[in-house]
1. If you wrap a convex hull around the alpha carbons of segment B:1-81, what volume per residue comes out, as a whole number of Å³?
2. Using a 10 Å cut-off on Cβ atoms, rank the peptides A:211-224, A:29-42 from the highest mean neighbour count down.
3. Which whole-number value in Å³ per residue fits the convex hull of the alpha carbons of segment A:108-195?
4. Quick one: how many Å² of A:LYS3 are accessible to a 1.4 Å probe, rounded to 10?
5. Would you mind computing Rg(Cα) / (2.2 N^0.38 Å) for the protein assembly as shown, counting N as its residues?
6. Rank these residues by their accessible area, most exposed first, probe 1.4 Å: A:PHE204, A:PHE4.
7. Given a 1.4 Å probe and the protein chains all in place, what does the accessible area of A:MET115 round to, in Å² to the nearest 10?
8. Could you pull the Rg and Dmax for segment A:12-183, using just the Cα atoms, both in Å?
2 protein chains.
Amino acid sequence: MKKFLNTADTYLTDALAGFAAAHPELSVNLESKVVTRARGPVAGKVGLVSGGGSGHEPLHTGFVGEGMLDAACPGEIFTSPVPDQATEAVRAVDSGEGTVLVVKNYTGDVMNFEMAAELLGEEGLQVETVLVNDDVAVEDSTFTAGRRGTGATLLVEKIAGASAARGDALSEVAEVGRRVNAASRSFAVALTACTTPSAGRPGFELPEDEIEVGVGIHGEPGRRREKLRSAGEIVSDMVDAILDDRPLESGAEAIVVVNGMGGTPLSELYLVYGEVAALLEERGVSIVRSAVGDYVTSLDMAGCSITVCEAQEDFLPLWDAPVNTPGLRWGV
Amino acid sequence: MKKFLNTADTYLTDALAGFAAAHPELSVNLESKVVTRARGPVAGKVGLVSGGGSGHEPLHTGFVGEGMLDAACPGEIFTSPVPDQATEAVRAVDSGEGTVLVVKNYTGDVMNFEMAAELLGEEGLQVETVLVNDDVAVEDSTFTAGRRGTGATLLVEKIAGASAARGDALSEVAEVGRRVNAASRSFAVALTACTTPSAGRPGFELPEDEIEVGVGIHGEPGRRREKLRSAGEIVSDMVDAILDDRPLESGAEAIVVVNGMGGTPLSELYLVYGEVAALLEERGVSIVRSAVGDYVTSLDMAGCSITVCEAQEDFLPLWDAPVNTPGLRWGV
């Protein structure tokens with residue numbers, strides 16, 4: 001295993017310590033592993049909290065800040081946060097207006113955030129949950145009942161974050177988050193497996209001439225293994241899988257994310273984006289916003305995911321609204 | 001070779017086509033390979049142009065936009081742009097106030113930008129050059145007489161870009177760029193070699209338990225090979241190399257960049273940043289600004305570079321000034 005680390009056991013804490021040093025505008029509790037905006041709850045604003053296993057940076061810690069998350073609770077690498085992390089995060093940001101939890105659909109995450117929501121409810125705090133389950137590759141697979149939550153999380157957190165920032169009520173913030181998820185579909189391909197510090201070796205074996213089609217963000221199996229083909233052919237299959245699941249009519253408008261999994265150079269991601277753009281144009285779909293880069297990663301995995309979200313009218317001003325986080329920043 | 005590509009020959013053009021599709025606010029000439037801000041020269045503003053071999057994205061194309069570069073001319077992968085690209089770029093952005101060229105110190109780049117500057121001079125255009133040569137690892141090595149230009153390019157382009165944007169004169173923009181370079185030192189380590197599409201195999205062999213200490217951004221040899229050690233030990237040597245070359249007194253203020261080479265996960269970069277921050281704190285140096293991420297990459301190389309720039313008083317407002325580029329954005 002070749003990584004910049006001290007020990008596998010301290011990897012996450014050391015990385016969080018560095019994150020804390022780089023972002024003094026955030027408050028990072030290294031003991032409980034909760035990241036919040038340093039100035040605490042924002043009066044009159046609905047809170048937005050997310051979390052999940054670590055190893056997907058910048059998600060979620062890197063999306064804490066003005067216009068996006070109020071707090072994140074990172075679990076161990078590829079491991080759900082415990083309920084106590086989620087309750088601490090919510091308590092730290094709740095201003096009395098309630099809090100929306102953004103939860104990616106993995107069995108452990110769902111269970112632990114549900115438990116947290118129950119505990120918080122008993123304390124009299126209002127909590128709504130938005131479940132992200134955008135990955136069309138497989139159903140009921142490793143770690144998941146139903147579909148996995150992947151790249152659409154970026155869109156849900158940005159758009160619901162802007163909704164909360166402009167003062168929308170709890171039910172409105174949750175509702176727009178759910179509508180973004182419902183309008184989004186994703187599909188990922190891995191060129192290489194990723195290596196967790198604790199395992200010290202790749203999570204699965206992938207021959208030099210094969211790719212995993214429909215891979216999950218923890219290296220979960222996808223639909224099939226196949227020989228490496230041209231980017232145009234691979235991307236065409238990915239876009240087909242997405243649009244077979246949720247067709248877009250000619251004239252539709254889309255927000256598209258081409259997301260790197262951690263080990264893929266930006267030039268390859270742009271190359272993939274070019275293929276996506278051409279395929280959507282052929283179908284009469286206009287891309288009205290796009291993001292190309294590393295947002296929902298899988299440690300050092302080489303690969304990418306494509307997310308297509310049908311842009312509803314209210315999504316765009318919320319996407320464009322100011323955001324100031326380590327991983328996404330504009331307008332501020 | 002596992003990459004998202006169609007053919008090795010079309011890799012760069014396909015990636016640029018995708019970049020163009022993702023960034024309609026920029027103008028990308030796929031024939032001549034020149035990227036400019038779509039609206040042409042900005043009246044009354046000094047132009048800022050850079051370029052160099054491709055494979056280092058987001059550098060330089062991803063730094064074209066408000067507050068940073070007016071144009072970039074990307075050469076083939078790891079190959080200098082030809083003089084015609086540079087002259088076309090400068091002509092496209094020159095508003096009559098002159099243009100500053102930011103050139104990384106590689107023999108081919110220096111020669112071709114010099115030739116371009118001469119041709120432009122003969123046409124009556126004013127051109128000043130800022131040479132970036134921040135890498136303390138080696139002198140007079142592969143592709144270079146003197147020191148290589150690496151991570152400090154981000155700082156030079158941002159700070160000189162802001163100087164140009166606020167209306168500084170040609171000599172002032174060039175001067176602040178040179179002062180940033182003079183105040184900056186960098187050092188890089190590779191965990192793995194990178195693979196160019198045309199070669200199809202790693203540029204050098206690096207055993208599973210060894211790292212290249214002082215590597216260049218094209219995979220050029222550094223100071224030595226050594227066994228992989230803990231991040232703390234590796235980073236300590238990197239910071240020593242930087243501060244041995246240009247010592248900082250206790251009380252000094254620094255801008256620090258921890259830059260990923262393309263194949264390194266963000267969590268490792270933050271871990272490295274944490275080590276740098278602790279080492280500088282021990283020496284009494286305050287980090288007043290930082291950037292952690294992929295800025296000056298080497299295709300899919302796993303590795304990182306550290307850049308330390310002694311922050312002079314005028315650097316900070318220029319670093320903080322609004323910027324709106326694909327690779328760096330805030331305040332807009």
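The values are calculated or read from the model by the stated rules, or taken from the named source; none is laboratory data. All figures in this text were calculated on a predicted structure; none of them were measured in a lab. Virtual Cβ from ideal backbone geometry, glycine too; neighbours counted across all protein chains shown. We work out accessible area using only protein heavy atoms, side chains counted, and drop any ligands, DNA or RNA first. Shrake-Rupley method; radii C 1.70, N 1.55, O 1.52, S 1.80 Å.
1. Numbers: hull volume 7.4 nm³, N = 81.
Taking only Cα atoms, segment B:1-81 has a hull volume of 91 Å³ per residue.
2. On the way: A:211-224: 22.6, A:29-42: 17.5.
Per-residue Cβ counts within 10 Å, averaged per peptide and sorted highest first, yield A:211-224, A:29-42.
3. 123
4. Rounded to the nearest 10, the figure is 10 Å².
5. Details: Rg = 23.6 Å, N = 664, 2.2 N^0.38 = 26.0 Å.
After normalising by residue count via 2.2 N^0.38 Å, the value is 0.91.
6. Numbers: A:PHE204 35, A:PHE4 0 Å².
Of A:PHE204, A:PHE4, the descending order of accessible area is A:PHE204, A:PHE4.
7. We get 90 Å² for A:MET115.
8. My reading of the Cα-based Rg and Dmax gives 14.5, 41 Å.
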